[in-house]
1. Please go through segment 134-147 and pick out each residue that is assigned to a helix (DSSP H, G or I) and either among the charged types (D, E, K, R) or without any contact (Cβ under 8 Å) to a residue 60 or more places away in the chain (or both).
2. Have a look at 258, 183 and point out the one that is modelled with pLDDT of 95 or more, touching a Lys or Arg at 6+ places or on another chain (Cβ under 8 Å) and not assigned by TED's automatic domain parsing to the domain that holds residue 334.
3. Run residue 131 past the list (1) under 23 Å from residue 14 (Cα atoms); (2) part of a loop (DSSP other than H, G, I, E, B) and report the number of the one that doesn't hold.
4. Within segment 440-456, take every residue that is charged (D, E, K, R) and assigned to a loop (DSSP other than H, G, I, E, B) and give me the one that is farthest from residue 503 (Cα to Cα).
5. When you look at residue 303, is it under 30 Å from residue 166 (Cα atoms), surrounded by 15 or more Cβ atoms within 10 Å (Cβ to Cβ), within 29 Å of the chain's Cα centre (by Cα) and of a type outside the set (A, V, I, L, M, F, W, C), yes or no?
6. May I ask you to say which residue of 444, 470 is of a type in the set (Asp, Glu), at pLDDT below 90 and more than 24 Å from the chain's Cα centre (by Cα)?
7. List pairs: first in segment 208-226 and among the hydroxyl-bearing types (Ser, Thr, Tyr), second surrounded by fewer than 18 Cβ atoms within 10 Å (Cβ to Cβ) and assigned to a loop (DSSP other than H, G, I, E, B), Cβ under 7 Å, 6+ apart or cross-chain?
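The values are calculated or read from the model by the stated rules, or taken from the named source; none is laboratory data. Since we're looking at a predicted model, the values are computed, not measured. Cβ sites come from the backbone with ideal geometry, for glycine too, and all protein chains shown count toward neighbours.
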Amino acid sequence: MEEFAALLDALVYTSSRNEKLRLIAEYLCETPDPDRGWALAALTGGLDFPAVKSSTIRNLMQERVDPVLWSLSRDFVGDTAETASFLWPQTLPSDTQRAPSVSEAVNGLSQMTRASVMGELPKLLDQLDASGRYALFKLATGGMRVGVSARLAKLAFAQAFHVPVEKVEEYWHALEPPFAALFAWAAHGADPPDIANLPLFKPFMLAHPLEDNVVDLADYVAEWKWDGIRVQLVHAGPENVGETRLYSRSGDDISATFPELVTALDFPAVLDGELLVRGAHQGGEANEATQGGAASFNALQQRLGRKNVSKAMLRDYPAFTRLYDILSLDGEDLRDLPWSERRAILERLMVRLPGTHFDLSAVVEADDFDALAHIREGARDDAIEGLMLKRRDSPYVSGRKAGLWYKWKRDPLRVDCVLMYAQRGSGKRSSFYSDYTFGCWTADPDTGGELLPVGKAYSGFTDEELKKLDRYVRQNTVNRFGPVRETDKTLVFEVAFDSVHESKRHKSGLAMRFPRIHRIRWDKPAHEADLIETLMALVRD
């Protein structure tokens, strides 16, 4: 456990991507099985211990530490695991006592129940120092927050053992922690894991932002960029007999949430598309000009994350997939073919798919790039995210490859909002007030208008700006609510966002999509910030 704790400490204290890769790769090479497999699972969010929650840690600490001291310390540090690891009463180790290994910790956590956790977890904690306790808390709750994504950890694995990351991604979903077969293949030269007839996730091909590039439409094709979630439908095994799964962009299996799509694909294929709900918000009713026929992302959100899907939900929010690409068909891998050939195969395939659950992403026709730019300008009026530009001869490759696919999103909307509340961040931002809630005026403040929250953001500013904002929050606090500080409401943010929708969950009646801080308006008086009605006018629901 000491080595895993040291890894987490080192990851927290470096912001360098290359250094994080080096640290993880070194740990994986030097740590024996199965510890390194469990550690890799922890870094990629693949472990779950239902008996241990953040509330468990709080309850344990309140039994051992003065509640006021705990509350003040947690507020100051900003991270439950870090605070608890330092405040936990240190016991004197015996001569025979040693720290548990990662495998022993995982085994102990797995056996804990809600009835036993309050007695069993302290036994593990008493065997560890502060760094070990911090690592155990992070391992148990799953909230690593050390600046490592699942993709980065897999890339570090690939670099450690000199294997293709694309192969690691493909084998990953066939295996369970601690990934013995994966390490046997990569580290010891064993045969690759057997993935035949398994409906496994294939890494998505992604796009770079177009920015200032100009492309020749003789080489590129344009499609609309839809506001749903990117999904992959995979059927493996014989037709009408095999198994089908639906994966999100991150590789999560979401089949149970959209059962109607799983049953709609009954022959061997891997399809790439956008998961949407039937409606008329995006592009209007189904038509030839904008294709349309899709509801807003808000409608799709009613279906996301549900473990049980009622008949009413299936009826009121009917899901379908707008297909972009095809990766394999009837056992043949098509990814090396150019886009134009894959597209032709996909067009011919549509007759085998039920129109109730699938349609084909339309090609946007334009004479040249300037004409396409003019078409893009109308995307906001049609509530469409923008355009995708795909090189006609591009193979389907995982990740982002320069020059093959571009995304050309519509320009963001912007409004001026007033900072209302701030909260500390997590991980390396746990000492800074970096999560901001901002609002707009219900009416002219000179006539009695008040501020109502319209959004939250924690990105869009530099490290130097973060330091200034943190200092501002501390110097202009007028009230405190646990870890949240209320400010004097004098600082204006220019907030950029993709769209705004009506929401019954928010007092303002609005919810922004992808808000981020565009500029900090130190120069602008708060009374000049925008009104709620300005945002209301931007709603396209």
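1. Listed by number, the list holds a single entry, 138.
2. Result: 183 is the single residue among 258, 183 that is modelled with pLDDT of 95 or more, touching a Lys or Arg at 6+ places or on another chain (Cβ under 8 Å) and not assigned by TED's automatic domain parsing to the domain that holds residue 334.
3. (2)
4. Once the filter is applied, the top-ranked residue is 444.
5. So residue 303 fails the test.
6. Going through 444, 470 in turn, the sole match is 444.
7. 220/392
Yes/no per residue for (1) among the acidic types (Asp, Glu); (2) touching a strand residue (DSSP E or B) at 6+ places or on another chain (Cβ under 8 Å); (3) in the same structural domain as residue 472 (by TED's automatic domain parsing):
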residue: 322; (1), (2), (3): no, yes, no
residue: 329; (1), (2), (3): no, yes, no
residue: 338; (1), (2), (3): no, no, no
residue: 356; (1), (2), (3): no, yes, no
residue: 361; (1), (2), (3): no, yes, no
residue: 370; (1), (2), (3): yes, no, no
residue: 405; (1), (2), (3): no, yes, no
residue: 419; (1), (2), (3): no, yes, yes
residue: 425; (1), (2), (3): no, yes, yes
